[in-house]
1. Tally up the residues in the stretch 176-217 that are free of Cβ contacts under 8 Å to residues at least 40 places away in the same chain and assigned to a helix (DSSP H, G or I), please.
2. Among the candidates Ile315, Ile328, which residue alone is of a type in the set (A, V, I, L, M) and in contact (Cβ under 8 Å) with a residue 60 or more places away in the chain?
3. Please work out which one of (1) within 25 Å of Ile187 (Cα to Cα); (2) surrounded by fewer than 23 Cβ atoms within 10 Å (Cβ to Cβ) is the condition Asp247 fails and give its number.
4. When you go through (1) modelled with pLDDT under 95; (2) in contact with a Leu (Cβ under 9 Å, 6 or more places away or on another chain); (3) assigned to a helix (DSSP H, G or I) one by one for Leu148, which number turns out not to apply?
5. Among the helices (runs of 4 or more DSSP H) contained in the stretch 30-129, which hold 2 or more residues that are out of contact with any Leu (no Cβ under 6 Å at 6 or more places or on another chain) and surrounded by 22 or more Cβ atoms within 10 Å (Cβ to Cβ)?
6. Check Leu258, Leu232 and return the single one that is within 15 Å of ligand 2 (Cβ to nearest atom) and either touching a helix residue (DSSP H, G or I) at 6+ places or on another chain (Cβ under 7 Å) or over 20 Å from Glu193 (Cα atoms) (or both).
7. Pairs needed: first member in the stretch 122-142, farther than 15 Å from Gly166 by Cβ; second member anywhere, crowded, with 18+ Cβ neighbours inside 10 Å and of a type in the set (S, T, N, Q); C-beta distance under 8 Å; at least 6 residues apart or different chains.
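The values are calculated or read from the model by the stated rules, or taken from the named source; none is laboratory data. Bear in mind that the values here come from a model prediction, so they are computed numbers and not experimental data. Because the Cβ atoms are built from the backbone with ideal geometry, glycine has one as well, and the counts that use them run over all protein chains shown.
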Amino acid sequence: MLIYEYENREESIRMKMTLRWFGSQYDTVTLEQIRQIPGCVGVITTLYDTKPGEIWSREAIRAMKEEIEAAGLELSGIESVNIHDDIKIGLPTRGQYIANYIKTLENLGEEGIDLVCYNFMPVFDWTRSDLAKERPDGSTVLSYDQELVDKIDPAKLFEEMDANSGGFILPGWEPDRLARVKELFEIYKEVDEEKLFQNLVYFLKAIMPTCEKYGIKMAIHMDDPAWSVFGLPRIINNKENIQRLLDAVPVMNNGLTLCTGSLGSNPHNDIPDMIRSFKGRIHFGHVRNLIHLAPGKFDEAAHLSFDGSLDMFEIMKAFYDIGMTGPIRPDHGRMLWGEKAMPGYGLYDRALGATYLNGLWEAIEKSAKK
Ligand SMILES: O=C(O)[C@@H](O)[C@@H](O)[C@H](O)[C@H](O)CO
Ligand SMILES: [Fe+2]
């Protein structure tokens, strides 16, 4: 009977619970550990040692896939294939970098990978003012305070993030980005939101034929936080702007990584409503909670609704209602129980998060069928 029910479950429409994994060379968390998280079927990973603009070889992609499958998991998608700044800026050299990106997509497609998460934030990926802020229970979290960020020299931010990362290379803060940071700030002075948007559309139009050929879903990550930092343009931060992008390249393969923590940094974003209106275009979900402390100021939190400001039941219900079948992952977790790991990416709190989100899903699914 149990076996029958288990098999049956595969047929029900269901998101896939996954965990982000940085590869055995970089991650403190092992595939064996991930495999033991109840209901976790796959990992979202990347070739962490590649630089934006580089072609990913088929051999490296295959080796990564085989390692994950040998551990009994699925490679559910890539986060991220990063975009070279020359594409975001729209420099003449973008042609070569787009050609390289297309080659990487072909290689991923040939290896059967159909989901690619990326972001289009200039210079910096996500930004935080503290990577280990202590909560009353002794756990630590990533936090953001606009007043503190305003005091930081952007060129020094890299050094500070690096010094506070506990020796880990932070995703989006890889050292090679540092080398060009001052130069990039100069060049980005010419790039306003409209130009950045047009450069994104240009890039997407160029890669879409390849994505359609291989069935690759491109899933842009929301800007984090959801407003301009250091005067750099931000375009993927609210319902209107995101809808504009979906309409500008109106094919399924141009889709979203709906990140609740990034959108949720702005309390005006109604996340369940956004999930419902972007139905069919959300290919990947990042689900996490945060606490709004003041405008422009937030701490990350446990996934549980009442630990933070977001209603995780309503968020998971919206995913359920749109018939989400793609991967969902708990996003950043707290650091707890003495774990030493990449900030936001320890095992324990993300495992708790996955379990909680799976529990919400089960409850939503069963009540819907009653
Ligand atoms: O998920 C997040 O919020 C971050 O860890 C980002 O680094 C994210 O992976 C990128 O913005 C996606 O390209
Ligand atoms: Fe995210």
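1. Residues flagged as free of Cβ contacts under 8 Å to residues at least 40 places away in the same chain and assigned to a helix (DSSP H, G or I) within the stretch 176-217 amount to 6.
2. The conditions single out Ile328.
3. (1)
4. Going through the list (1) modelled with pLDDT under 95; (2) in contact with a Leu (Cβ under 9 Å, 6 or more places away or on another chain); (3) assigned to a helix (DSSP H, G or I), Leu148 breaks only (2).
5. Where helices (runs of 4 or more DSSP H) fall fully within the stretch 30-129 and carry at least 2 residues being out of contact with any Leu (no Cβ under 6 Å at 6 or more places or on another chain) and surrounded by 22 or more Cβ atoms within 10 Å (Cβ to Cβ), they are 85-89, 94-110.
6. Answer to the selection: Leu258.
7. Partner pairs satisfying both residue conditions: Asp125/Asn119; Trp126/Ser262; Ser129/Ser143.
Residue-by-condition table, conditions (1) more than 20 Å from the chain's Cα centre (by Cα); (2) within 20 Å of Asp331 (Cα to Cα):
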| position | (1), (2) |
| --- | --- |
| Ser139 | yes, yes |
| Trp173 | no, yes |
| Asp176 | yes, no |
| Ala179 | yes, no |
